[in-house]
1. Within segment 360-411, count every residue that is in a helix (DSSP H, G or I), touching an Asp or Glu at 6+ places or on another chain (Cβ under 7 Å) and at pLDDT below 85.
2. Restricting attention to segment 90-112, which residues are under 18 Å from L57 (Cα atoms), of a type in the set (A, V, I, L, M) and more than 18 Å from the chain's Cα centre (by Cα)?
3. Aliphatic (A, V, I, L, M) and at pLDDT below 85 - does that describe any residue in segment 285-307?
4. If a residue counts only when it is modelled with pLDDT of 95 or more, which helices (runs of 4 or more DSSP H) contained entirely in segment 1-117 have at least 1 such residues?
5. Taking A105 and the conditions (1) in contact with a helix residue (DSSP H, G or I) (Cβ under 6 Å, 6 or more places away or on another chain); (2) free of Cβ contacts under 8 Å to residues at least 12 places away in the same chain, which numbered condition does it fall short on, given that it satisfies the others?
6. Does T255 meet the test of being within 30 Å of T44 (Cβ to Cβ) and modelled with pLDDT of 90 or more?
Amino acid sequence: MSTTVDAGPHRLLRRAAYATGGVFALSGAVQATWVSRLPEVRSTLHADPRSLGLALLGTAIGSVASTPVTGRLAARYGSRAVVAGAMVVSLVGLVGLSLVHSVPALGLVLVLFGFGYGGWDVAMNIHGHHVESAAGRAWMPRYHAVWSVGGFVAAGLGAAVAGARVPVPVHFAVAAVLMAGGVLGLLTLFRRDGRNARDPAFPPPAVPVGDAEPTPTVSVGRIVTLPFILLGVVMACSTVVEGAASDWLGIYFNTVRDASPAASSAAYTVFAIAMAASRGAGTWTIAWLGRGRAVRASALLALAGVAVLLLAPVTGLAYAGAALWGLGTAIVFPAVISAAGDTAPGRAAQAISMVTPIGYTGFLVGPPLVGLLAQHTGLEHALWLIGGLAAVMALLAGVTRDRRAPATART
């Protein structure tokens, strides 16, 4: 697709794109800030793997609950207002996570955190889609790469702060204030969208943002074919594999490898850096190998990473496993989103909206499942489940191949 825009609107689109990337980066930073101190929070609460896994369900429950609400609010008030409101909720939740004194309280605050974080995520993706559509450019992969960059920077800072023995409440409060200021500043460069928006530089889309009912006559049965179902399996596996790293990687280093809190936080930093690098190169990788082969290679890298992590005789080599795990995880989720759109030509939006909740289900089921297995077998054995799911992704990778004609396939 090609789009010609005047210099003025094009400059505003660029600014909006950079602002969107900044908001993505700060979103990644919020999650990584929480994950970087999770081993300490677990130790403070004396949480066993089973109870911690159940508490971690709260984030996914809150995120799933916010999804339908966010679409309607963005349609009416615009994505900028929704990002601002959701950001406040998530940062209040972040500070609350540093103040809890029991595992049940942790789970409840994680629901609040997840509700705000999930709304923020959906609303910034809505805005990102509007900007790239108006510009006629495929900018979405870059936004997700920047999200990973924000994550590994915040994870690195978290490891440093943990090493300096800064109390978790102080860390989270300062981070919340700084991130709130950053997001509010960037939102001034967001485009005006929503049902009643009037923005001469950014004409409104044909279908209002968040309006989930543009094609009610399309039969679900025409979309839910065998390839679509298999894509759903790959999507669920990918989110469990990715989510397990954020929830359990630091705890594995802390409890199994006897690493310090700072060294445990550094493990997730290594994972996040590798994931950011892989996402940054994802467009090139898919263009070089093709989408199906790229997904298979990524899944095999993730499998190798888990194996190295769990079998490494020394902790230093285990960090290399974390890096391979991150490299292999990064591009599967966006590749499945693109493939889902290809399975239903002319109904891509509906297909994508149907497959995305499957990913949330993976985030929902993964943490407690690993926790329950760890309770009975030990975390070092439970994480082999992640290697098994990576193997499933490799076996089913062919279903993600690009089905478009070569002339229209874009890189």
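The values are calculated or read from the model by the stated rules, or taken from the named source; none is laboratory data. Every value quoted in this text rests on a predicted model; they were computed, and no experiment measured them. Because the Cβ atoms are built from the backbone with ideal geometry, glycine has one as well, and the counts that use them run over all protein chains shown.
1. Total satisfying the criteria: 1.
2. L97, V100, V103, A105, L106, L108, V109
3. yes
4. Because the criterion is at least 1 residues that are modelled with pLDDT of 95 or more, the helices (runs of 4 or more DSSP H) in segment 1-117 that meet it are 7-36, 79-97.
5. (1)
6. In short, yes.
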